[in-house]
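Structure first, commentary second.
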Amino acid sequence: MEIMKIVGVAFVTAVTAVLLKGTKPELSFAVTVAGIIVILLYIVDALQGTLAVFRTIAETTGVENGLLKVLLKIVGVGYITEFGAGILSDFGSNAVADKVALGGKIAIVLLALPVFEGLLTLVKSFLQLV
Amino acid sequence: MDISILFKIAAIGIIITVICQILKKSDRDDIATLVSIVGLVIVLAVVVGMIGDLFNDIKSIFGLI
């Protein structure tokens, strides 16, 4: 049922944005942002359920908790970067959107660094064994 | 936090447009620009509030400090 709401809100947002674009372009920007936020809130609610399942899986399989936290953070950063870059490119400032996307990528690399270090120490310990 | 916000923003936009047209016709252009700025500020205040709520939700869910 969730997808019906999302598509419905999306169409209403598009129609309202086109309606306002003729007379007040800046207000159509505000309507688009508001519509996207409403859709994202639906998605975040739906996502909350899946995250609980991920946590239980992590506990049962004994995956180290830090790994899951980094994974969640990366998904969150990607989520917000996509939100910003999408709106910016939609309203013509593609250069700014690219910069936001670049910033998001750098943030994700920064978040993933500890995982790389963990991998390196793991490989080193294997080499010691050999 | 539902679709009603979209209709409110659209309604504000239309009202502002009508008021501006009326003011323009009675050649008070300065007041017309003022009214459109006020309308824009109101709508942006609502939207910024929504953005804040969204970011707080995402921060709490994804553990981003």
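Observations on the model:
- Among the residues of segment A:17-40, the ones that are closer than 11 Å to B:Ile3 by Cβ and modelled with pLDDT under 90 come to 0 in all.
- The residue list B:Ile16, B:Ile3 contains one member that is modelled with pLDDT of 90 or more, facing another protein chain (nearest Cβ under 7 Å) and open to solvent by less than 50 Å² (accessible area, probe 1.4 Å), which is B:Ile16.
- Verdict on A:Ile43 being in contact with a Leu (Cβ under 6 Å, 6 or more places away or on another chain), open to solvent by 30 Å² or more (accessible area, probe 1.4 Å) and farther than 30 Å from B:Ile37 by Cβ: no
- Selected residue [of a type outside the set (Asp, Glu), away from chain B (no Cβ under 13 Å) and in contact with a Ser or Thr (Cβ under 6 Å, 6 or more places away or on another chain)] from A:Ala85, A:Ala97: A:Ala97
- Subset of segment A:19-41 [more than 7 Å from every other protein chain (Cβ to nearest Cβ) and closer than 15 Å to B:Ile12 by Cα]: A:Lys21, A:Gly22, A:Pro25, A:Ser28, A:Phe29, A:Thr32
The values are calculated or read from the model by the stated rules, or taken from the named source; none is laboratory data. As the structure is a prediction and not an experimental result, all values here were calculated from the model. Note: ideal-geometry Cβ built from the backbone for every residue, glycine included; neighbour counts use all protein chains shown. Accessible surface is based on the protein model in full, side chains and every heavy atom, while ligands, DNA and RNA are left aside. Shrake-Rupley method; radii C 1.70, N 1.55, O 1.52, S 1.80 Å.
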